[in-house]
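S.K.: Can you keep this structure in mind? I'll have questions shortly.
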Amino acid sequence: MFTKRRKMNEEGAPVTKEEVLRRPIPNHVAIIMDGNGRWAKRRALPRAAGHYEGMQVVRKITRFANGLGVRVLSLYAFSTENWKRPKGEVDYLMKLPEQFLTTFLPELIAENVKVQVIGHTEALPDHTRRAVEKAIQDTSGNTGLVLNFALNYGSRAEITAAVQQIAKEVERGALAPEDITEPLISSYLMTGGLQDPDLLIRTSGEIRLSNFMLWQLAYTELWFTDVLWPDFTEQHFLEAIAAYQRRDRRFGGVSAQ
């Protein structure tokens, strides 16, 4: 679903939080946060300015999603392919998790948010990894929204690593080939323990998955918008959830009607 304008409810008014809360809220929402660089370019600003503004939106949407009752919010923050960007931009992006988690950690703790990270974090700079590990440790006892950052994450690499681990288990006799099922494969992925996303949001007008949760998104509802991530608001989030709530999720079956 490609949004060219603000979506309205059946009465022609903007979707409201009260309307959305009348129907089941998606448990797991994943977001490909795209458009920070284009946002900055349109304003003749350095790309870093767009990334900074995008970080402020992460804070806003995290609080809003938590208030709606979303259980997991997965954010594609840095992909394995993003290392190809200019060194200055990569260096700044590696500072953002530290800046975000240091600045907002007390707020996350107060909001009962639990921080998790998927991705090959061993390749992150030491200062970035330390900030991530501290946030995970300090919020480990929280029971509210799981804020799941994908940092140095790529789905193909994730699936490849899972297959390698399973092959080793088969080789040593701990698993038989017939033991390899979809739930078992899911348990070896970085998202093991989390249910698959119900809704994926991608901003900035791009209509692709960009190597994000390829296995996990098999039956996820997809919602695309032209809005650049720094311009993404709580109202856009409500529109995405309202669109999700209007869909008939059959998982390969037929409608109950």
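The values are calculated or read from the model by the stated rules, or taken from the named source; none is laboratory data. These numbers come from a predicted model, not from an experiment. Glycine gets a Cβ as well: all are built from the backbone with ideal geometry, and neighbour counts include every protein chain shown.
S.K.: Among the residues of segment 204-231, which ones are in a loop (DSSP other than H, G, I, E, B), more than 18 Å from E81 (Cβ to Cβ) and in contact with a strand residue (DSSP E or B) (Cβ under 6 Å, 6 or more places away or on another chain)?
M.R.: T220
S.K.: With without any contact (Cβ under 8 Å) to a residue 12 or more places away in the chain, of a type outside the set (G, A, S) and under 18 Å from A48 (Cα atoms) as the only criterion, which of K84, K168, K95 stands out?
M.R.: Going through K84, K168, K95 in turn, just one is without any contact (Cβ under 8 Å) to a residue 12 or more places away in the chain, of a type outside the set (G, A, S) and under 18 Å from A48 (Cα atoms): K84.
S.K.: Six or more apart or on different chains, Cβ under 9 Å: which pairs go from a residue in segment 238-257 that's assigned to a loop (DSSP other than H, G, I, E, B) to one that's at pLDDT 95 or above and not polar (S, T, N, Q)? Could you list them?
M.R.: Listed by first residue and then by second, the contacts come to R247/E221; R249/D198; R249/Y219; R249/E221; F251/Y219; G252/Y219.
S.K.: Pull up segment 147-191, narrow it to residues that are charged (D, E, K, R) and surrounded by fewer than 17 Cβ atoms within 10 Å (Cβ to Cβ), then point me to the one that is farthest from L214 (Cα to Cα).
M.R.: Taking the candidates together, the pick is R172.
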